[in-house]
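The next block holds one structure in the form of structure tokens; read it before the comments.
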Amino acid sequence: MQQQMFSFRRCYLIFGVIACVMASVQVCYSQPPSGQEHQEHIAFDAYRNGQWDIYVMNADGSGEVRLTNDKDQDFGPVFSPDGRKIVYSSDRTGGIGSGLYELYEIDLYPSEGIEPVIKRLTYTSRGAYTGEPCFSPDGRRIAYFCNGDIYMMEADGTNPVQLTNAPGKDSSPSWSPDGRHVVFCTDRNDEPGFDPRYSDNIEIYVLDVEHPEAAGGTVKRLTNHPTPDSRPRFSPDGTRIAFVSCRDGILNSEIYVMNADGSNVQRLTSNALGNALDSFPPQWEDPSGTFRNYTEYGPHESSPVWSPDGKRIVFSSQLGCARNGSVQTEFHSQIYVTSADTLSAPTQLTFTEYLHHPSSWIRN
């Protein structure tokens, strides 16, 4: 298989901190200083100065490091289980506006004397959107979505296998800790009464990796609600799934957790601010005939990611954006962390006025 590589300027380690000379594409990282071998890091993408790039920071929000710096759009970084690599989605091959997004890999710890490289992992047809990679627990495989279906491949990009093939758009795969199942979200079951802001109603399903739908297997539906349930993520012990839903406030997405079988749904965030959307009618009718108010709209929580110990969840939120009366006038998002067990006040981790979305948390 072809490998695409990109050149870099050299990076230097000074007192455990990277000093970097800017380049057209930048990759900068380091082994943790002596005595700090078990640090926790969060990988995220951020939109700053007109472009999406990949960043890493400590779990408390400190020590932010920018990993890519180029004109292309880079999204959804995930750590390999050993913490040595990051895989993400980018349009760097086709260029901005090409519609071609592929998966790429950054080696965070290249051998001494060897410049770091970005390696292309997927080679799909022009116009394909490939994204949301997720490593299997053993690091040998990567699940991802491509043009509406879930796939998996070897971690080096070889042997892609299609896992889903039903009509609709399947996305956001997440492996169970035992490596046997992948949870994902899909719009394959549109039903009357879903929120009219969305063209599709999204629900959460789980599949058996060894007997995938695309090979004649079946999938199991875990949620059933007229508003979207999306971005599912298995907990580190496999007993729970974090996800995003608008079920307790129309157009107000919040973070929830449920048992791995879909039972015992629990809300973890509560940030509705009464933000009315003037472009939508004041009410809509749900399947029971009840009229619901659009003024239940809030600041949009999204992108839940579990801490390695399963006790916390980091997520993205528009909480704190400027408002003019009931109308939100700013749309930047920050990264917050909250308890994974109970509804509680979140702690803010990022503070720049841009868009931020966490996608991976690792203890290395």
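Where a number appears in this text, it was derived from the coordinates with a stated rule and is not lab data. If you're wondering where the values come from, they're calculated on a predicted model, not measured in any experiment. In this analysis, Cβ positions are derived from the backbone assuming ideal geometry, glycine residues included, and neighbour counts consider all displayed protein chains.
Miscellaneous remarks
- Where labels lie 7 Å past Cα in the beta-carbon direction, separation of T239 and N159 in nm: 3.4
- At R0 = 51 Å, FRET efficiency that the Cβ-Cβ distance of Q266 and T93 yields, to 0.05: 0.75
- Here D45, D70, D237 are placed in order of increasing Cβ neighbour count within 10 Å, fewest first, which gives D237, D70, D45.
- Taking a sphere under 12 Å around the Cβ of A46 and counting the other residues whose Cβ falls inside, with K and R at +1 and D and E at -1, yields a net charge of -3.
- Within a straight-line Cα-Cα reach of under 20 Å, K71 can be paired with the following lysines, leaving aside sequence neighbours fewer than 8 residues apart in one chain: K119.
- Protection proxy ranking of 135-147, 347-359, 158-170 - average other beta-carbon atoms within 10 Å, highest first: 135-147, 347-359, 158-170
- Anchor K220: lysines whose Cα lies under 19 Å away (excluding residues fewer than 8 positions away in-chain): K169
- Under 5 Å, built H, 5+ apart or other chain: amide partners of T164: I150, A214
- Sequence-ordered 3J(HN,Hα) estimates for segment 252-266 from the Karplus curve with 6.51, -1.76 and 1.60 and θ = phi - 60° stand at 10, 6, 10, 9, 10, 10, 8, 5, 4, 8, x, 8, 6, 5, 9 Hz, glycine and proline given as x.
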